[in-house]
Amino acid sequence: MADTSGVLRAPGPEGCPRRAEAVRLRGEARRELDRAQRRARRWAVVDIALGFPAALLAGVSGAAGLATADARVPAAFLALFSAGLAAGAGFLRSDTRRVANKRARKAWAALEDEAGRALARDHVDDETLRTLSEKRLAALSAYEGEEG
């Protein structure tokens, strides 16, 4: 039966296994893109939440320690607390994780765009599917690799 609505539509995923795989990859890319975006935001918050107070407390404790002899003990506690925050930030590597998730977000977006372009065509061929699979592998490795 012909579509008489006047809207041209590409065939659905039920008829072609390659097309179904492209639909699946586009959905996975969308989910992972959203997940990488949330993680990047979360790690940015952690980076600021640990880094800024550490820098502020280091400055305050240094100034307090130099101001009077009575303020040296509280200044030492502030310095220890500041060092703990800085050590926590270094241990968590939140800045590195934020950058990795931003890099992954870009790679997942590229996969989603490519899958969308593939689905806009009438036919999804093996070469297109191979390209989509390579982009998926690139997106998965973007969490650990260097930006290239």
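The values are calculated or read from the model by the stated rules, or taken from the named source; none is laboratory data. Worth saying up front: this structure is predicted, and the values here are computed from it rather than measured. Note: ideal-geometry Cβ built from the backbone for every residue, glycine included; neighbour counts use all protein chains shown. The accessibility values were calculated without ligands, DNA or RNA, using every heavy atom of the protein model including side chains. Shrake-Rupley method; radii C 1.70, N 1.55, O 1.52, S 1.80 Å.
Below, the figures for the structure above:
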item	result
Given the chain, longest segment not containing exposed loop GluC sites (Glu not before Pro) (DSSP; at most 12 other Cβ within 10 Å)	15-143
Angle between the chain longest axis and helix 17-67 axis [Cα atoms, degrees, rounded to 10]	10
Whole-number D in µm²/s for region 52-101 (Stokes-Einstein; Kirkwood sum over Cα pairs; 4 °C, 1.567 mPa s)	111
Whole-angstrom gap from region 21-44 to region 61-127, using each part's C-alpha centre	18
Using alpha-carbon coordinates, inclination of helix 94-120 to the longest axis of the chain, degrees	10
Accessible area per residue, Å², the chain with all protein chains present, probe 1.4 Å	65
Alpha carbon convex hull of the chain, projected area averaged over orientations, nm²	12.9
Relative contact order (%) - criterion: Cα under 8 Å, at least six apart; region: the chain	35
Accessible surface of the chain [probe 1.4 Å, protein heavy atoms]: carbon and sulfur percent	60
Degrees separating the helix 72-92 axis from the principal Cα axis of the chain, which is the longest one	20
